[in-house]
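To start, the structure under review is shown below, and the notes come after it.
The values are calculated or read from the model by the stated rules, or taken from the named source; none is laboratory data. Given the structure is predicted, the values throughout are model-derived calculations rather than measurements. Neighbour counts run over all protein chains shown; Cβ positions are idealised from the backbone, glycine included.
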Amino acid sequence: MTAIAPGLAAAAARPIGVFDSGVGGLTVLRALRERLPAESFLYLGDTARLPYGTKSEHTVVRYALQAADALVARDIKCLVIACNTASAVALPAMRERYADCPVIGVIGPGARAACAASVSGRIAVLATEATVRGGAYQRAILELRPDAQVTSLACGMFVALAEEGWTEGPIALQVAQRYLERLGTGPTLDVDTLVLGCTHFPALAQVIAQAAGPGVQIVDSAATAAATVEEELAARGLLLAAGSGGPGGRMHFLATDGPERFAGVGGRFLGAPLSVDDVELVDI
């Protein structure tokens, strides 16, 4: 890992900002903490205005910029858009507004992981309506692998299932099977790779894999996004190495509505219990 220049030590100690429309982005935060144990994190869930997946592009860009403004105002050193919908439609606007702050979305890393995982080049993206409509995953995959055949499916019910904690059992499996019927019939699908194009969907990874059948790779962009953040911070001399005496995984959570629900549901996505006292209610 790249050593931190003395003059950048104070800048490197600032937190990494992570933003999502709700609690799904906590799967990305979980991957970031695992990969970057010395860093601290500031997470904002725009729970008052979720879901972003059914909103117009104009509205998503407006909401995403407002949420990002709130994080940047708290002196973050990097902004991670842990929301596929916001990454799909708002990333260019964010990078233009925050030119001095690295801004990393989840779609580019997810596309790279999908291209690496697929043998045949037949890839399906499971996402929200807005992400599918925007076509960002298709463009990112085809830029890396022009011969790929990319199919996109809007799977909005997965968000509700994940939020309710109905991530296993016959109901979740039947919903997954119904969605994946569009990708082929019989014991195998017409694709060899499924991209979980929404941060809620990893909670349903097991039933999606069960519905997909053997031989189909399931790609979650969270781990790849965490690796991209590490590379970007190292390149800028802002990475805190393990054992460097950094803040060591400290987290602070912001929510625009319902801190009680955020804490209750969020623990499932983060993989660790959350208390309502851990969540600060903010107005953006």
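Give me the residue from the stretch 177-208 that is within 19 Å of the chain's Cα centre (by Cα) and assigned to a helix (DSSP H, G or I) and, out of that set, nearest to Val132 (Cα to Cα).
Going residue by residue through the stretch 177-208, those that are within 19 Å of the chain's Cα centre (by Cα) are 193-206, 208.
Going one step further and asking which of them are assigned to a helix (DSSP H, G or I), we end up with 201-206, 208.
Details: Phe201: 14, Pro202: 17, Ala203: 20, Leu204: 19, Ala205: 19, Gln206: 22, Ile208: 18 Å.
That would be Phe201.
Residue by residue, here is whether (1) modelled with pLDDT of 95 or more; (2) over 16 Å from Thr193 (Cα atoms); (3) over 19 Å from the mean Cα position of the chain (by Cα); (4) surrounded by fewer than 16 Cβ atoms within 10 Å (Cβ to Cβ) holds:
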| position | (1), (2), (3), (4) |
| --- | --- |
| Tyr137 | no, no, no, no |
| Ile141 | yes, no, no, no |
| Val150 | yes, no, yes, no |
| Leu173 | yes, yes, yes, no |
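For the stretch 70-121, which positions are charged (D, E, K, R) and either modelled with pLDDT of 95 or more or not assigned by TED's automatic domain parsing to the domain that holds Gly22 (or both)? Walk me through how you get there before you give the answer.
Applying the first criterion (charged (D, E, K, R)) to the stretch 70-121 yields 74-75, 77, 95-97, 100, 112.
Scanning the stretch 70-121 gives Arg74, Asp75, Lys77, Arg95, Glu96, Arg97, Arg112.
Can we say Gly215 is in a loop (DSSP other than H, G, I, E, B), exposed (fewer than 15 other Cβ atoms within 10 Å of the Cβ) and on the phi > 0 side of the Ramachandran plot?
Against the criterion (in a loop (DSSP other than H, G, I, E, B), exposed (fewer than 15 other Cβ atoms within 10 Å of the Cβ) and on the phi > 0 side of the Ramachandran plot), Gly215 qualifies.
Looking only at the stretch 259-273, which residues are under 13 Å from Gly22 (Cβ atoms) and modelled with pLDDT under 90?
Scanning the stretch 259-273 gives a single hit, Arg268.
Just to verify a result, which residue in the stretch 49-69, among those that are modelled with pLDDT of 95 or more and either touching an Asp or Glu at 6+ places or on another chain (Cβ under 7 Å) or part of a strand (DSSP E or B) (or both), is surrounded by the most Cβ atoms within 10 Å (Cβ to Cβ)?
The selected residue is Ala67.
Which ones in the stretch 96-127 are closer than 16 Å to Arg182 by Cβ and surrounded by 23 or more Cβ atoms within 10 Å (Cβ to Cβ)?
Scanning the stretch 96-127 gives Ile123, Ala124, Val125, Leu126, Ala127.
What's the number of the condition Val61 fails, among (1) in the same structural domain as Gly215 (by TED's automatic domain parsing); (2) over 30 Å from Ser275 (Cα atoms)?
With (1) in the same structural domain as Gly215 (by TED's automatic domain parsing); (2) over 30 Å from Ser275 (Cα atoms) applied to Val61, the lone miss is (1).
Which is among the charged types (D, E, K, R) and part of a helix (DSSP H, G or I), of Glu143, Glu168?
Just one listed residue meets the conditions, Glu143.
Here's the yes/no breakdown for (1) within 30 Å of Leu183 (Cα to Cα); (2) in a helix (DSSP H, G or I); (3) of a type outside the set (Phe, Trp, Tyr):
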| site | (1), (2), (3) |
| --- | --- |
| Ala234 | no, yes, yes |
| Gly249 | no, no, yes |
| His252 | no, no, yes |
| Arg268 | yes, yes, yes |
